[in-house]
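The values are calculated or read from the model by the stated rules, or taken from the named source; none is laboratory data. If you're wondering where the values come from, they're calculated on a predicted model, not measured in any experiment. Cβ: placed from backbone, ideal geometry, glycine included. Neighbour counts: every protein chain shown.
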Amino acid sequence: MRESLCRPLVLACKPQLPKKNVVISRRSYAASGSSQPPESLSWREYLAIRGSKRKWQVAATVPCALLGFIGGATYFGTMGADPTKTIMGIDPFFFYGISTVGCVGAVVGPSLGTALWRMTHRNKVSLIDAKDREFYKRIAKNRVDATLQSPTSPIPDYYGEKIGSIHGYRQWLRDRSKYRRKVVLAEE
């Protein structure tokens, strides 16, 4: 859609009526006394906010991974372990360290980043949640059927995590179509 089609159209009423502006929006088609459209996010704003949220998640992952490493090293450093017995072919200390850093950094970090981001952006959380629902409905509607993938040809970006702009979304749609054609035509 062109950007000009998304702007509200302001029409003046007939001269004999009291001076009142009527706002006709693509979304609501409601008459309003003010010339301001109802508060909502455009897709560009939403995708920029979504990128900001992802940066907060990544930024929170690094300190959580470091804390997990320090905590794991402290705990497992005091344990008595037999270095001759390996766990899945790995030295026990390396295995425990990798497990702790991975668990704390990869699980707790993004959760903590999301919580901090939501606390700092409280005024727009309801708008963002509504746009999130709409975005994920679009992703679910347009994604490739998961049964079509194979170990040698996995579905790229199944959840739409790499979408950061309208151009990125359109590219994601093209990639889905290309993958679908490639898999379905290869089977025939």
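Take the residues in the range 135-188 that are among the acidic types (Asp, Glu) and surrounded by 13 or more Cβ atoms within 10 Å (Cβ to Cβ); name whichever of them is nearest to the chain's Cα centre (by Cα).
So the first thing to find is which residues in the range 135-188 are among the acidic types (Asp, Glu), and the list is 145, 157, 161, 175, 187-188.
Those left that are additionally surrounded by 13 or more Cβ atoms within 10 Å (Cβ to Cβ): 157, 175.
On the way: ASP157: 12, ASP175: 18 Å.
Selected residue: ASP157.
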| remark: Of the candidates SER111, SER35, SER40, the one satisfying the condition of being modelled with pLDDT of 75 or more and not in a helix (DSSP H, G or I) is SER40
| task | State yes or no: is LEU116 part of a helix (DSSP H, G or I) and under 29 Å from LEU41 (Cα atoms)? | result | yes
| said: It is to be established whether one or more residues within the range 51-68 are touching a Cys at 6+ places or on another chain (Cβ under 9 Å), at pLDDT below 90 and surrounded by 12 or more Cβ atoms within 10 Å (Cβ to Cβ). | reply: yes
| Residue check for ASP175: part of a helix (DSSP H, G or I) and within 22 Å of GLU39 (Cβ to Cβ) | no
